[in-house]
Every structure is written in structure tokens, then in C-alpha cells.
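Here's the structure, in C-alpha cells; my notes come after.
No value in this document is a laboratory result; all are computed from the given coordinates. Because the structure is predicted, anything quoted here is derived from the model rather than measured. Backbone-built Cβ (ideal geometry, glycine too); neighbour counts: all protein chains shown.
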Amino acid sequence: MDIRFRGNKAQGNPSNGLCDEYRVNGIASLQDLIDAYRQIAADHPTCRPLFTLDNLAQACYTSGHARGRYHLVDITGLHMEGLPQEWFEDGTFVGDLDSKAEFPVCAYGYERFVAHATFDQACAHGLAMDPAALEEWTSFQDDPVALLDQPLSALVVPVVHSYEALAAFPNGYFSCDLGPHHCFAVARHFCRQHGYELIGSGASYLGLLRDAPPDAERAEAIATDVCALYNARGRARQALAAAVVEGIAGRRHLWLRYTE
């Protein structure tokens, strides 16, 4: 496995220069991914790593459009003291959002946008998982490395909680998909309720990791929330719940699809 620091100005940085990044290649197992996450986290104790996952090019494309579509740089109420005046014009942020110095502005706007987001709202968006999507999810859950579009980018995001790292790389552009606020609410919910930390975001999937595999009771609770997220009912719910319980048994990771 190869882990290389690239700073914040390398071409293709998913955060567009808001955060430093590493490029990680040669991941052969989930343990490799966990080891890379731990190494980067240990080297940057005041930050949270956020890995790219599936389809890096598409994820970067939709992330940029999501930031524009949802106006994630609303600076209403931002204290501008000490910030460069050239960033602002008539109370509007006019910076380029391509430097680490601008990340606090980005994080402020994102925090305002997601402030009232809830897991129930994410569920109510109407995302579904049909048999083909369930088959895909099962295959990636069984073989987590197959999901990864390597080399991965690992952003070093100066936030406290893992789900807050989405400010650097928000996603959910198309109306049928979960939006950036929904993705935030889902990641926060699975962190607070089930002990999963967000470790990555791709073009279609969020990546979550627990310190230890869930026990049987916890697995049932996780499956219940996954069924709620994908609005599964009747026999479809039974099939999805059984697949989730089996898919997370003895495993620390959980992939969650946020696209239709």
C-alpha cells in the first residue's frame, strides 16, 4: 500500500484546495483501508480523514454542482473580523473556496445548511433499494475493496466529528438522490445511534466503520434503520433486513447507497 501526502494544491483535489489530501493506492483489503485511516488520523489529531470511495471523477463532478445547487456558502451571521475583506462584497462571499484559509467559511455555510436536517427527513425523501441495487450492495459489502476507485483521495478535514467532514466534499446533486443535508443526517444518525464513524464518500456510497462488529441485537437495530432509509415494506423489508443482518455480521464496515 502506498500513501503519499499531496498538500492542498495538487490537481484533482476533491475539496478544490480547501483541505490537504493524501493519495492512497494498493489497498488490497478492508484492513488496509482501516490502517490507512488510522495512520492519517494519528498524524493529524485535530482533523478527520475523509476518503473517496466509488467513481472518483463522478463524485468530484457532482460535489461541485451540489455545492452550487444548494448554495452551501450562505454566510449570514458570520463574524468577518480577521478575515480578508477581499473575500466579501456587500455581505456576500466572493472568494474562490480553493484555499485552506477559506475552509472555516465553507464549514460555516455547510453547518447552517444542515442545521435542521434529520434522519427522518432523509428517510422521507423516498430513496428505495430494488433487487438489483440490493444485489450490488451485497456484493460490495461482501467484498469492500471492490467498491473502491483507486487510488483514493484522503482529505484531511479540520473538524471534530467524522460526519462534519462532509463539508469539504458534499454530495447529493440530483433531485432523486439524498442531498448534502440528508447525507449529513444519515452519517450523524448512524454515528450517534450505532457507533459508526464516517470514513468516506463516493459518487453513490457513504462509508461507515465501527470499532467492533455489532452484536445480534445491534445488528437488528441497524437493519431497522436501513429499511427505514430505503422505505422497504412487506416482503421487500424482510429481504432487506435479512440481507443487512447477514451483511454486517462479524464486520465493522457498512456501505450505504445515497443515490437512486
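Distant-in-sequence amide contacts of residue 200, defined by a placed amide H-H separation under 5 Å and a gap of 5 or more residues or a different chain, comprise 51, 207. Close amide H partners of residue 150, meaning residues 5 or more places away or on another chain with modelled amide H under 5 Å apart, do not exist here. Remark: relative contact order (region 132-260) = 28 percent; criterion is Cα-Cα distance under 8 angstrom and separation of 6 or more residues. Along region 77-86 the Karplus relation, 6.51 cos²θ - 1.76 cosθ + 1.60 evaluated at θ = phi - 60°, assigns HN-Hα couplings of x, 5, 7, 8, 4, x, 9, x, 5, 5 Hz to successive residues, with x for each Gly and Pro. Listed from fewest to most Cβ neighbours within 10 Å, the set 201, 175, 63 follows the order 175, 63, 201.
Relative to the dominant Cα principal axis of the chain, helix 131-142 is inclined by about 80°.
Helix 56-69 sits at what angle to the longest principal axis of the chain, using alpha carbons and giving 0 to 90 degrees rounded to 10? For 56-69 against the chain, the angle is about 60 degrees. Counted by neighbouring Cβ atoms within 10 Å, the residues 87, 137, 255 run from fewest to most as 87, 255, 137.
Where only DSSP H runs of four or more residues are counted, the chain gives -12500 deg cm²/dmol as its mean residue ellipticity at 222 nm, each run worth -39500 (n - 2.57).
Summing charges over all other residues whose Cβ lies under 14 Å from the Cβ of residue 102, with Lys and Arg as +1 and Asp and Glu as -1, gives -1. Taken one residue at a time, the phi angles of region 173-189 give Karplus couplings (6.51, -1.76, 1.60, θ = phi - 60°) of 8, 6, 5, 7, 8, 5, x, x, 5, 5, 4, 4, 5, 5, 4, 5, 4 Hz. Gly and Pro are set to x.
Relative contact order for region 202-260: what percent, with Cα pairs under 8 Å and sequence separation of 6 or more? It comes to 60 percent, rounded to a whole number. Local charge for residue 8 was computed over the other residues whose Cβ lies under 10 Å away, with Lys and Arg +1 and Asp and Glu -1, and equals 0.
GNM on the chain, alpha-carbon springs under 10 angstrom: the most fluctuating residue among 108, 22, 205 is 108. For residue 143 and residue 242, the difference between the fully extended length at 0.36 nm per residue and the C-alpha to C-alpha distance is 33.8 nm. Can you find, among 157, 228, 245, the residue farthest towards the positive end of the dipole of the chain? Put +1 on the C-beta of Lys and Arg, -1 on that of Asp and Glu. Comparing the listed Cα positions along the dipole, 245 ranks first.
Cβ-to-Cβ counts within 10 Å put 9, 100 in ascending order as 9, 100, the fewest first. Mind running the shape call on region 112-260? Use the C-alpha gyration tensor, a ≥ b ≥ c as the square roots of the eigenvalues: rounded below 1.5 for a/c, prolate if a/b tops b/c, oblate otherwise. Because its axes are fairly even, with a/c under 1.5, region 112-260 counts as rounded. Charges were assigned to the Cβ only: +1 to each Lys and Arg, -1 to each Asp and Glu. The resulting dipole of region 2-257 about its Cα centre is roughly 320 debye.
Computed from backbone phi, the HN-Hα couplings of region 190-196 come to 5, 6, 6, 8, 10, x, 8 Hz, rounded to whole numbers (Karplus: 6.51 cos²θ - 1.76 cosθ + 1.60, θ = phi - 60°; Gly and Pro given as x). Considering only alpha-carbon pairs that sit under 8 angstrom and 6 or more positions apart, the relative contact order computed for the chain is 27 percent.
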